[in-house]
Amino acid sequence: MIARAKQGNGFLFLMLLGCGLIWGASFPLNKIAVSAGYRDFGIIFWNQLIAASVLAVICWQRGVWPGFQRKQIRLYLAVMLCGTLLPNWASYTASVYLPAGVVALLISLVPMFAFPIALAFGAERFAWRRFAGLLTGMAAVLLIAGPEASLPERAMVVFIPLALIAPFLYGLEGNLVAKWGDTGEGPVRVLLGASLLGVITSLPIALISGTFIDPHGPWGAPDLAIVIGAITNVIAYTGYVWLVGRAGAVFSAQVAYIVTAAGLLWSLILLSESYSSYIWFALVLMMAGLFLVQPREAE
């Protein structure tokens, strides 16, 4: 799984660990943001605006900018809808009702959704090992949703399907990007183009729905959580893209393990959440499912 990583190169492992730890922090940060009554598109607008600002600085330093030809706009729309607006809407709404650690656990289903979508697209061949990983991930979800003692309140179980929308859409996004390519622009410019469209789309929705967040303050922990979450997501994504280029996609895909565990860990530290034995067992199953479903160099 580390075929393209140089043996003994501890820096690559530190980058992998850093990306996973930073990404994992987004789940309790989302929970903190919604704890003040902030909701979906109000948070999404500011996330997109901050992300676009950071990415614009990177593009300005490089002297390159996103193009807006037809095929590029199609890609930006796919990344915006399947990678930002809709999954973030689902995650923020689910975070109002579910523990942040549970949302983090469910988001790790991305590669398990991506596999059957890839089969449907004709981009992958069926493999029993990866199918077993899919079944293991499903077993983890049933372990979270099934037993009465798995969640702090039994009524929370109705929001699990909502939380599953995000990993499904991320899996769809990955397959669309793999099918269409990045139009030769690279991930930073693609993400900037998608973020700009996200700003334009989310602002009127936030205003019409009454979820727009006034930036004038007074500022508290939820406001800081939104800003920190947006910046950390850009840093983690950029670091992940760098890691893919240096160490290969298979090695870099192992970040999913760290994100899942870090999401639970950060939720324990920042929110003092506690989990039943069912949740911890579901974590073990999810890790096993991730191991089985991830592609290997030989495939």
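Per DSSP H run of at least 4 residues, take -39500 (n - 2.57); add these up for the chain, divide by its residues and hand me the 222 nm value, nearest 500 deg cm²/dmol.
-24000 deg cm²/dmol
Any chance you could list P(r) for region 216-261, counting all Cα-Cα pairs in 10 angstrom bins from zero, rounded to whole %?
For region 216-261, the binned pair fractions read 23, 39, 22, 13, 3 percent.
What translational diffusion coefficient, in µm²/s and rounded to a whole number, does the Stokes-Einstein relation yield for region 100-228 at 20 °C and a viscosity of 1.002 mPa s, taking the hydrodynamic radius as the Kirkwood radius over Cα pairs?
120 µm²/s
Find how many whole Å separate the alpha carbon centroid of region 9-72 from the alpha carbon centroid of region 250-295.
With region 250-295 and region 9-72 each reduced to a Cα centre, they are spaced 21 Å.
For region 189-246, just list the percent of Cα-Cα distances falling in each 5 Å bin from zero outward, please.
Binned Cα distances yield the sequence 4, 14, 16, 23, 20, 12, 7, 4, 1.
In whole Hz, with x marking every Gly and Pro, tabulate ³J(HN,Hα) for region 162-173 from phi via Karplus 6.51 cos²θ - 1.76 cosθ + 1.60, θ = phi - 60°.
Residue by residue, region 162-173 yields 5, 5, 6, 4, 4, x, 4, 5, 5, x, 5, 4 Hz.
Under unit Cβ charges (Lys, Arg +1; Asp, Glu -1), what dipole magnitude, rounded to 20 debye, does region 6-156 have relative to its Cα centre?
Value, rounded to 20: 560 debye.
Return the carbon/sulfur percentage of the accessible area of region 9-137, one whole number, probe 1.4 Å, all protein chains in place.
Solvent-exposed carbon and sulfur of region 9-137 make up 67 percent of the total.
Could you give the C-alpha radius of gyration of the chain expressed as a fraction of 2.2 N^0.38 Å, taking N as the number of residues it contains?
0.97
Which of the listed residues, Ala139, Tyr97, Leu169, is farthest toward the dipole's positive end in the chain, when Lys, Arg count +1 and Asp, Glu count -1 at the beta-carbon?
Leu169
Tell me, what is the per residue accessible area of region 74-178 in Å², probe radius 1.4 Å?
Dividing the accessible area of region 74-178 by its residue count gives 40 Å².
Taking only C-alpha pairs under 8 Å that are 6+ residues apart, what is the relative contact order of region 147-299 in percent?
Dividing the mean separation by the residue count of region 147-299 yields 38 percent.
Which value, to two decimals, describes the C-alpha radius of gyration of region 158-281 once divided by 2.2 N^0.38 Å?
Normalised by 2.2 N^0.38 Å, the Cα Rg of region 158-281 equals 1.28.
The values are calculated or read from the model by the stated rules, or taken from the named source; none is laboratory data. For clarity, every value in this text was computed on a predicted model and none was experimentally measured. Methodologically, a virtual Cβ is constructed for each residue, glycine included, from the backbone with ideal geometry; neighbour enumeration extends over all protein chains shown. Each accessible area value is taken on the protein alone, full model and side chains, heavy atoms only, with ligands, DNA and RNA left out. Shrake-Rupley method; radii C 1.70, N 1.55, O 1.52, S 1.80 Å.
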